[in-house]
Amino acid sequence: MNYNFFAPQQINFGWGRFQETGDLAASLGTRAFIISGSRSLEASGVIEELRQLLSRASIKSEFIRTISNEPEVMDVDQTTRLLRDLGAGAGDFLIGIGGGSGIDLAKATSAMITNQESETVVDYLEGVGRGLKLTEAPLPLMAIPTTAGTGSEATKNAVISSYAPPFKKSLRAEQMIPDIVLCDPQLACSVPPEITARTGMDAITQLLESYISCRAQPIPQALCLQGLKLAIPALPEAVENGNSRRGREAMAHAALLSGIALANSGLGMSHGVAPALGIHCKISHGLACALMLPATLKANYSVRQQEYAEIYRFLYPEQALSAEQAAESLIDEIQKLNDRIQIPRRLSDVGVSPLQIPALVQSSRGNSMSGNPREIPDEELTQILESLL
Ligand code: NAD
C-alpha cells in the first residue's frame, strides 16, 4: 500500500446546521463574498437568511449575483474582476452556496483572486491555455452544498466550461479543497425531483467509478461502499418525497463521501464522456453521468468483475450468489435504479445525433477518462456511444 489522502480539514454535517454558519465562518475572516449558482436559493430567501446569520456574527457580506448554469470561463473571469474591484484581500473569504456549479465558481474565483499571473482562468485549466500553476494560496472558502451530487464541497478541483472553443476542464490544486464544509441536508429539500435524480446519480457514479478506478485506494474504497449502501435505497426516496429527512440525509452524506473519494482516486468513463455531452449537447452533468453509467460498468466488466461482486455482496449480504451472478446483478441494479427515477436510457432521448459522435469521442479524453480501469480506444468508445443512440 502506498498512498496520499486528502480531505477537507473541517466538515460540519447535520440537519438544520445552516443556522451555525455565522459562528463557523467567523474563523475565516470578517467579510464574506457569497457566490451562489442558484437563483432558486435567492428567490426562496436562503441567501438573505445567510446574510443575516453572518451579520449576527459581525461578518459583513457581499452577495455576488452570478450564474444559474454550469460555470464558464467568462463567469470566473468576470466574478474575479468584480471581487478585485471590491478590494478583495486579507480578512476576506468566500462562501460558495449552491450545487456544484456555484461551489465550483466560488472555488475558482477564490484561487484566481490571489493568482494574478494571467487575467483569465483558461491559462490555469488542465489541458488548455498556458498550463500555469496556482502558486498562491486561494482566499479562504466555506462550501455549503444545496444539491446532493457532485461532492465539489470536498474536492480539489473546479470544473469550468467553454462553448467556443468547446471544452470543459478543471482548475485543480490541493489548496482548493474548501477550508470549511457546512453540509445541511435540509437545504436540499427544495431541489425538484428531476434534479434530485440527476445529481444523486452523479454521486452514485462517482462512488462506483472511484471504487473501480485504476487509481483506487483503500480509504476512498471504504467510503465508497458506505456511500453506495446509503445512496442506492435513499435516492428513490429523496426523488419521490423531497422532504424525506432520511432520504436527504443519506444522499447528502453519500455525495460528500463521493467527493472525498474522487479527489483521491479519480473517476472513469462516465465522467470522461459527461463533459463532452455537456459541451457539445448541453446535457447537464448529472444526467450525462447517469446515462453513461450502465455502459461504463459493462465496458469494465472484464477487468473489474471481482470488484462489482464485492460491492454487490456488501450491499446485499443476504443473497448467496456466485461472483459472476453478483457482478451482473450490480449492473442490473443500477439500470433498475435509473429506470425507477426516470433517467433516459438512450442518448437520442436527450437530443444527441449520430453526427456528434466524433466530437464527443474527441472531447472525452481528460483526467477522468485516465482513471478508467482499462483503456477505451477511440473506435471502441465510438461503438459504445453509437450503441446508446
Ligand atoms: P447545479 O449546481 O448546476 O444545480 C442544478 C440546478 O439545481 C440549478 O438550476 C440550481 O439552481 C438548482 N438548485 C441548486 N440547489 C437548489 C436548492 N436547494 N433548491 C432548488 N434548486 C436548487 O448542478 P450540480 O449537479 O450540483 O453541479 C453541476 C456542476 O458541478 C457541473 O459543472 C459539474 O461539472 C460540476 N462538478 C464538479 C465537481 C468537482 O469536484 N468540482 C464534481 C462533479 C461535478
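The values are calculated or read from the model by the stated rules, or taken from the named source; none is laboratory data. The model shown is predicted, which means the values in this text are computed figures rather than measured ones. Because the Cβ atoms are built from the backbone with ideal geometry, glycine has one as well, and the counts that use them run over all protein chains shown. With ligands, DNA and RNA removed, areas are computed over all heavy atoms of the protein, side chains included. Shrake-Rupley method; radii C 1.70, N 1.55, O 1.52, S 1.80 Å.
In segment 1-29, how many are at positive phi and within 22 Å of the chain's Cα centre (by Cα)? Residues that pass the stated criteria total 1.
For segment 334-346, check the following and say yes or no: at least one residue is assigned to a loop (DSSP other than H, G, I, E, B), crowded, with 21+ Cβ neighbours inside 10 Å and among the aliphatic types (A, V, I, L, M).
Going through segment 334-346, the residues assigned to a loop (DSSP other than H, G, I, E, B) turn out to be 341-346.
Now restrict to residues that are crowded, with 21+ Cβ neighbours inside 10 Å: 343.
From what's left, among the aliphatic types (A, V, I, L, M): 343.
Yes, segment 334-346 contains at least one residue that is assigned to a loop (DSSP other than H, G, I, E, B), crowded, with 21+ Cβ neighbours inside 10 Å and among the aliphatic types (A, V, I, L, M).
The condition of being in contact with a His (Cβ under 7 Å, 6 or more places away or on another chain) and open to solvent by 10 Å² or more (accessible area, probe 1.4 Å) holds for Leu230. Does any residue in segment 141-152 that is near the ligand (Cβ under 6 Å from one of its atoms) come within less than 8 Å, Cβ to Cβ, of a residue that is among the aliphatic types (A, V, I, L, M) and part of a loop (DSSP other than H, G, I, E, B) six or more places away or on a different chain, and which pairs are these? So the pair list comes out as Thr146/Val191; Thr147/Val191. Scanning segment 162-188 for residues that are open to solvent by 10 Å² or more (accessible area, probe 1.4 Å) and charged (D, E, K, R) returns Lys168, Lys169, Arg172, Glu174, Asp179. Note on segment 161-196: residues that are more than 8 Å from the ligand (Cβ to nearest atom) and not charged (D, E, K, R) total 20. Screening the candidates Val121, Val128 for the property of being open to solvent by less than 50 Å² (accessible area, probe 1.4 Å), more than 10 Å from the ligand (Cβ to nearest atom) and at pLDDT below 95 yields one hit, Val128.
Apart from one condition, Ser38 fits all of (1) surrounded by 13 or more Cβ atoms within 10 Å (Cβ to Cβ); (2) at pLDDT 95 or above; (3) within 12 Å of the ligand (Cβ to nearest atom); the exception is (2).
Of the residues Glu307, Glu318, only one is free of Cβ contacts under 8 Å to residues at least 12 places away in the same chain and surrounded by fewer than 24 Cβ atoms within 10 Å (Cβ to Cβ); which? Just a single option satisfies the conditions, and that option is Glu318. Does Phe5 meet the test of being modelled with pLDDT of 95 or more, part of a loop (DSSP other than H, G, I, E, B) and farther than 30 Å from Ser118 by Cβ? So Phe5 passes the test.
Test of understanding: among Gly351, Gly371, Gly286, which residue is closer than 20 Å to Lys168 by Cα, open to solvent by 40 Å² or more (accessible area, probe 1.4 Å) and of a type in the set (Gly, Ala, Ser)? Step by step, each of Gly351, Gly371, Gly286 is checked, and only Gly351 is closer than 20 Å to Lys168 by Cα, open to solvent by 40 Å² or more (accessible area, probe 1.4 Å) and of a type in the set (Gly, Ala, Ser).
Screening Leu321 with (1) within 16 Å of the ligand (Cβ to nearest atom); (2) over 30 Å from Asn12 (Cβ atoms); (3) not in a helix (DSSP H, G or I) gives one miss only, at (1). The set of residues from segment 41-59 being open to solvent by 70 Å² or more (accessible area, probe 1.4 Å) and in contact (Cβ under 8 Å) with a residue 40 or more places away in the chain comprises just one member, Ser44.
Whether any residue in segment 248-264 is within 29 Å of Asp349 (Cα to Cα), under 19 Å from the mean Cα position of the chain (by Cα), free of Cβ contacts under 8 Å to residues at least 24 places away in the same chain and within 11 Å of the ligand (Cβ to nearest atom) is what I want to check. It would help to see each step written out before you state the result.
Within segment 248-264, the subset within 29 Å of Asp349 (Cα to Cα) is 248, 251-252, 254-255, 258-259, 262.
Of the ones still in play, those that are also under 19 Å from the mean Cα position of the chain (by Cα) are 248, 251-252, 254-255, 258-259, 262.
Keeping just the survivors that are free of Cβ contacts under 8 Å to residues at least 24 places away in the same chain gives none.
No: zero hits.
The residue that is most open to solvent (accessible area, probe 1.4 Å), counting only those in segment 152-161 that are farther than 12 Å from Met74 by Cα and outside any loop (DSSP other than H, G, I, E, B), is Val159. Scanning segment 65-87 for residues that are buried (at least 20 other Cβ atoms within 10 Å of the Cβ) and more than 13 Å from the ligand (Cβ to nearest atom) returns Thr79, Thr80, Leu83. On the given criteria, is Leu223 more than 14 Å from the ligand (Cβ to nearest atom), open to solvent by less than 10 Å² (accessible area, probe 1.4 Å), more than 25 Å from Pro71 (Cβ to Cβ) and under 17 Å from the mean Cα position of the chain (by Cα)? In short, no.
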